[in-house]
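Visitor: Input: one structure, supplied below.
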Amino acid sequence: MEIQELAIPDIKIITPKKFGDHRGFFSETYNKTALAGQGIDLDFVQDNHSLSVEKGVVRGLHFQMPPFAQDKLVRVIQGSILDVAVDIRKSSPTYGQHVSAVIDAEKWNQILVPAGFAHGFVTLEENTAVIYKVTNYYAPEHDRGILWNDPDLGIDWPVSADDAVLSDKDLKQPRFSEAVDHFE
């Protein structure tokens with residue numbers, strides 16, 4: 001298992017080993033002990049799965065407030081996404097900054113997004129399937145978001161606002177400067 005830090009070191013790309021032969025492949029996509037040995041000791045409690053039929057589907061930027069904040073381990077099992085994490089921890093030196101990475105079924109990579117980050121992605125292909133583990137259960141009363149294309153964040157999304165496919169919820173999220181629920 002290879003682990004790479006991004007420009008914000010709390011965000012990590014994890015690439016599990018994949019062993020293939022004429023029958024197909026085998027991969028251990030998650031191993032709590034192996035990750036703990038590399039300093040990632042999280043207790044995942046729920047798995048989520050989304051399918052986006054169209055290219056250009058934007059999901060995010062989402063987060064949950066404490067005490068229901070979630071760490072996420074995200075991987076793509078079909079297709080690819082541009083995954084984005086925005087630091088919303090007020091005391092962080094990277095507060096308001098973001099990182100992005102392409103997570104791709106062919107590359108077999110994953111992204112670890114810790115609590116304290118707003119998270120979202122856009123599909124780069126049709127029929128993209130994303131699965132992710134979280135460390136806390138979904139709590140609707142603690143669910144929050146930030147407008148995906150807030151110009152103050154400067155995220156270079158590979159889809160225009162006119163072409164993005166969004167939920168009603170994501171269309172109505174506040175801008176970063178208006179979101180009062182940031183992590184302390």
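The values are calculated or read from the model by the stated rules, or taken from the named source; none is laboratory data. As the structure is a prediction and not an experimental result, all values here were calculated from the model. Glycine gets a Cβ as well: all are built from the backbone with ideal geometry, and neighbour counts include every protein chain shown.
Visitor: Can you pull out the residues in the stretch 27-54 that are within 19 Å of Gly116 (Cβ to Cβ), touching a residue at least 24 places away in the same chain (Cβ under 8 Å) and in a loop (DSSP other than H, G, I, E, B)?
Guide: Of everything in the stretch 27-54, those that are within 19 Å of Gly116 (Cβ to Cβ), touching a residue at least 24 places away in the same chain (Cβ under 8 Å) and in a loop (DSSP other than H, G, I, E, B) turn out to be Ile40, Leu42, Asp43, Phe44, Val45.
Visitor: I need the full set of residues from the stretch 137-146 which are in contact with a strand residue (DSSP E or B) (Cβ under 8 Å, 6 or more places away or on another chain) and surrounded by fewer than 19 Cβ atoms within 10 Å (Cβ to Cβ), in order please.
Guide: Those that are in contact with a strand residue (DSSP E or B) (Cβ under 8 Å, 6 or more places away or on another chain) and surrounded by fewer than 19 Cβ atoms within 10 Å (Cβ to Cβ): Tyr137, Tyr138, Ala139, His142, Asp143, Arg144.
Conditions (1) touching a Pro at 6+ places or on another chain (Cβ under 7 Å); (2) modelled with pLDDT of 95 or more; (3) within 30 Å of Phe19 (Cβ to Cβ); (4) hydroxyl-bearing (Ser, Thr, Tyr), marked per residue:
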position	(1), (2), (3), (4)
Asp104	no, yes, yes, no
Trp108	yes, yes, yes, no
Pro114	no, yes, yes, no
Ala118	no, yes, no, no
Thr123	no, yes, yes, yes
Ile131	no, yes, yes, no
Glu141	no, yes, no, no
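Visitor: Is there any pair linking a residue in the stretch 126-144 that is among the acidic types (Asp, Glu) to one that is surrounded by fewer than 17 Cβ atoms within 10 Å (Cβ to Cβ) and modelled with pLDDT of 95 or more, with Cβ under 8 Å and at least six apart or on different chains, and which?
Guide: Hits for this filter: Glu126/Val53; Glu126/Glu54.
Visitor: Considering each residue of the stretch 110-130, count those that are assigned to a strand (DSSP E or B) and surrounded by fewer than 17 Cβ atoms within 10 Å (Cβ to Cβ), and give that number.
Guide: The total comes to 1.
Visitor: Please go through the stretch 69-86 and pick out each residue that is part of a loop (DSSP other than H, G, I, E, B) and surrounded by fewer than 24 Cβ atoms within 10 Å (Cβ to Cβ).
Guide: The answer is Ala69, Asp71, Gly79.
Visitor: Report every pair of residues separated by at least 6 positions or lying on different chains whose Cβ atoms are under 7 Å apart, first residue within the stretch 160-184 and β-branched (Val, Ile, Thr), second surrounded by 14 or more Cβ atoms within 10 Å (Cβ to Cβ) and in a loop (DSSP other than H, G, I, E, B).
Guide: So the pair list comes out as Val165/Gly56.
Visitor: Restricting to the stretch 5-26, what's the tally of residues that are in a strand (DSSP E or B), of a type outside the set (D, E, K, R), at negative phi and surrounded by fewer than 12 Cβ atoms within 10 Å (Cβ to Cβ)?
Guide: So the count comes out to 4.
Visitor: Going by the conditions given, is Gln97 more than 22 Å from Glu126 (Cβ to Cβ), touching an Asp or Glu at 6+ places or on another chain (Cβ under 7 Å) and of a type outside the set (Asp, Glu)?
Guide: yes
Visitor: Scan the stretch 107-125 and tell me whether some residue there is more than 18 Å from Val53 (Cβ to Cβ) and free of Cβ contacts under 8 Å to residues at least 60 places away in the same chain.
Guide: There is at least one residue in the stretch 107-125 that is more than 18 Å from Val53 (Cβ to Cβ) and free of Cβ contacts under 8 Å to residues at least 60 places away in the same chain.
Visitor: So the check is Cβ under 8 Å with 6+ separation or different chains; which pairs have a first residue in the stretch 84-100 that's of a type outside the set (S, T, N, Q) and a second one that's loosely packed, with under 14 Cβ neighbours inside 10 Å and outside any strand (DSSP E or B)?
Guide: From residues that are of a type outside the set (S, T, N, Q), the pairs are Arg89/Glu184; Lys90/Glu184; Gly96/Asp152; His98/Gly154; Val99/Ala7.
Visitor: Since Phe19 meets every condition but one in (1) free of Cβ contacts under 8 Å to residues at least 12 places away in the same chain; (2) under 23 Å from Asp156 (Cβ atoms); (3) in contact with a Ser or Thr (Cβ under 9 Å, 6 or more places away or on another chain), which condition does it not meet?
Guide: Result: Phe19 passes all but (2).
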